[in-house]
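So the structure is just underneath, and the comments pick up after that.
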Amino acid sequence: MTVVGIGASAGGLEASRRLVAAIPRNSGLAYILVQHLDPDHSSMMVELLAGHTDLVVLLIAEAMAIEADHLYVIPPGVYITVELGRLHVSKPLVRHGSRMPFDHLLHSMAAAYGARTACVVLSGTGSDGTVGLAAIKARGGLVIVQDPDDSRFDGMPRSAIQTGLVDMVLPVHDIPAALLGHFREPPDSLPAQLLPQNRLGARLHDILALLRTKSLHDFVQYKEGTLLRRIERRMGLVQQGDVDAYVKLLSADGGEAENLVQDLLIHVTSFFRNPDVFAVLASQVLPELVRRQPVNRPLRIWVAGCSTGEEAYSLAILFREAAIADGRAVRIQMFASDIDPDSVSTARNGVYAATIADDVSPERLARWFTREDDGYHVGPELRSTVVFSLHDVLKDPPFSRLDFVSCRNMLIYLRPQAQALVISQFHFALRADGLLLLGNAETIINNDGRFEEFAPHVQLFRHTGGGRRAEIGGARNDPALTAARLELGRARSRQTSLSDLVQRLLMQGFAPAAVLLNHRYECLYSVGPIDRFLRVAPGDPTNDVLAMARHSMQARLRAALKRA
């Protein structure tokens with residue numbers, strides 16, 4: 001069964017009529033319509049739509065079965081979820097205020113139907129659907145948005161488009177054909193060797209090599225099944241059924257290569273995702289971790305694969321709350337990293353849609369965020385806790401002397417050798433007794449006594465075993481890990497050297513003057529035209545930036561350094 005979630009608000013009746021009128025008889029899909037309605041008045045949507053379509057149009061009731069060629073319409077003032085092929089009705093947690101019933105539905109659809117889902121955003125104001133469509137996209141579903149120029153109110157369509165996750169932007173009358181074209185099954189009569197994934201397998205190496213050249217992203221250690229499914233999905237979206245022709249398209253069209261890279265990168269995240277995990281951390285783990293931390297040493301945390309930052313900020317909130325409850329001046333120092341520059345940029349900005357109110361309590365929103373017209377902004381106190389950076393756990397050196405590492409739902413996409421390499425990196429990075437948090441579907445393979453289970457019902461492991469020196473040596477000498485590193489290294493060596501060359505040239509020619517200092521104000525590294533500001537100081541040689549600064553700027557530089 002394929003299920004299509006349709007969301008609309010202002011102007012949605014007209015758009016919905018046009019949409020359902022264009023759906024052909026026997027489409028084989030089921031449709032759920034979330035139209036924003038006045039919760040205090042009965043809805044006429046069923047009567048208003050039934051005369052425009054061959055679909056069976058029903059007002060949703062509790063435990064109603066989902067069937068193909070049916071259109072299910074949300075009643076006023078409720079939320080809808082899907083589970084085990086049935087629709088379930090619930091009341092919103094709050095009577096008034098911002099409600100996001102479409103986001104609520106999309107999250108449950110993604111969990112229940114995975115890649116056999118589609119999200120359609122129609123005319124409306126606000127941003128409902130903006131967060132939920134990310135869940136659909138992350139599970140391999142399809143995201144279609146009504147062309148803003150074709151809608152009476154373009155708030156919802158434009159908000160969805162701004163996520164960068166939309167697959168198609170179409171006039172309403174073209175959306176049904178796009179849905180049917182995407183979810184059409186390959187003919188049963190095709191020989192096995194001609195099925196899409198089998199044809200793709202023969203050219204997978206060529207596709208990954210193209211992406212490596214065009215984007216510097218290397219997916220060689222991702223699981224083959226994940227790669228094939230997502231490449232096949234992109235082929236369907238560009239309506240290209242021939243694998244060889246699609247390889248030529250990737251080679252010629254940098255835009256399609258970037259679209260494929262974004263589909264292959266994993267962006268499954270939200271605030272306090274899997275609430276039961278955060279509940280265990282908040283009640284049983286972090287208070288003790290903070291309590292035993294010496295005041296003169298910061299508590300160091302690494303969130304690997306942080307995506308757009310929600311996971312990192314969620315953990316930062318828990319650690320800050322635990323430190324406040326402890327009553328001591330325990331410093332929290334969090335590093336959050338991801339391989340995708342766009343995701344890291346979003347995380348650094350710290351601006352999120354109003355729909356995060358579904359996942360973050362009112363008390364935490366008031367304490368750690370500020371409400372602005374464009375959504376919720378992470379407050380400076382929380383933002384200063386987290387340092388975001390680009391980092392590839394398969395290639396770059398890990399952070400060190402850590403007390404806690406979180407890497408949830410990234411390992412499941414990697415091959416076993418790459419998983420073992422990442423686990424070795426984490427073991428090297430953690431202090432003795434440090435903790436490692438993995439996703440619910442992940443565990444540590446080839447453990448060799450390096451970690452032990454720490455908390456029941458949560459994939460939380462405690463660092464044990466040998467010291468970091470032995471660990472990193474073992475990782476280098478492990479034949480399987482060495483093979484993985486060599487495979488990655490061969491592919492990256494030329495790209496890395498070119499990247500370093502470009503960065504050096506750009507910094508020499510265009511970077512502003514900058515100096516990296518230690519706590520004694522000694523120069524460790526410099527870039528740009530520093531000779532305009534610094535000189536060799538007379539007397540004994542020194543690296544002290546204040547001694548080297550030209551006289552006219554010494555006082556201002558001293559004041560700036562003191563503030564920093």
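The values are calculated or read from the model by the stated rules, or taken from the named source; none is laboratory data. Because the structure is a prediction, the values reported are computed rather than measured. Cβ sites come from the backbone with ideal geometry, for glycine too, and all protein chains shown count toward neighbours. Just so you know, the surface numbers come from the protein's heavy atoms only, side chains and all, with ligands and any DNA or RNA stripped out. Shrake-Rupley method; radii C 1.70, N 1.55, O 1.52, S 1.80 Å.
Ordering R86, R212, R556 by accessible surface, largest first, gives R556, R86, R212; the 1.4 Å probe counts only protein heavy atoms, with every chain in place. Tell me, rounded to the nearest percent, the portion of alpha carbon pairs in the chain spaced more than 29 Å apart. Distances greater than 29 Å cover 62 percent of the Cα pairs. Between the stretch 242-295 and the stretch 540-556, the alpha-carbon centres lie 45 Å apart. Length gained on full extension, I530 to S43, computed as 0.36 nm times the residue gap minus the Cα-Cα distance: 168.4 nm.
The amide H of T2, built 1.01 Å from its N in the peptide plane, has A30 as neighbours under 5 Å, considering only residues 5 or more places off or on other chains.
Between D253 and L546, the modelled labels are 6.0 nm apart [label points 7 Å from Cα along Cα→Cβ].
Residues R408, R17, sorted by accessible area with the largest first, give R17, R408 [1.4 Å probe; ligands and nucleic acids excluded]. Measuring r between the beta carbons of D342 and A537 and using R0 = 56 Å, the FRET efficiency lands at 0.80. Which entries in K137/K223; K214/K395; K248/K395 show an alpha-carbon gap greater than 20 Å? The answer is K248/K395. Mind jotting down the distance between the C-alpha centroids of the stretch 414-456 and the stretch 8-50, whole Å? Taking the Cα centre of each part, the stretch 8-50 and the stretch 414-456 sit 48 Å apart. In this label model, H457 and N26 are separated by 5.0 nm, measuring between points 7 Å along each Cα→Cβ vector. Each Lys or Arg adds one and each Asp or Glu takes one away; over the other residues whose Cβ falls under 14 Å from the Cβ of V56, this sums to -3. Considering only beta bridges that DSSP places wholly inside the chain, some 35 percent are antiparallel.
Taking Cβ atoms as reference points and 12 Å as the exclusive limit, the residues near L122 contribute a net charge of -2, counting Lys and Arg as +1 and Asp and Glu as -1.
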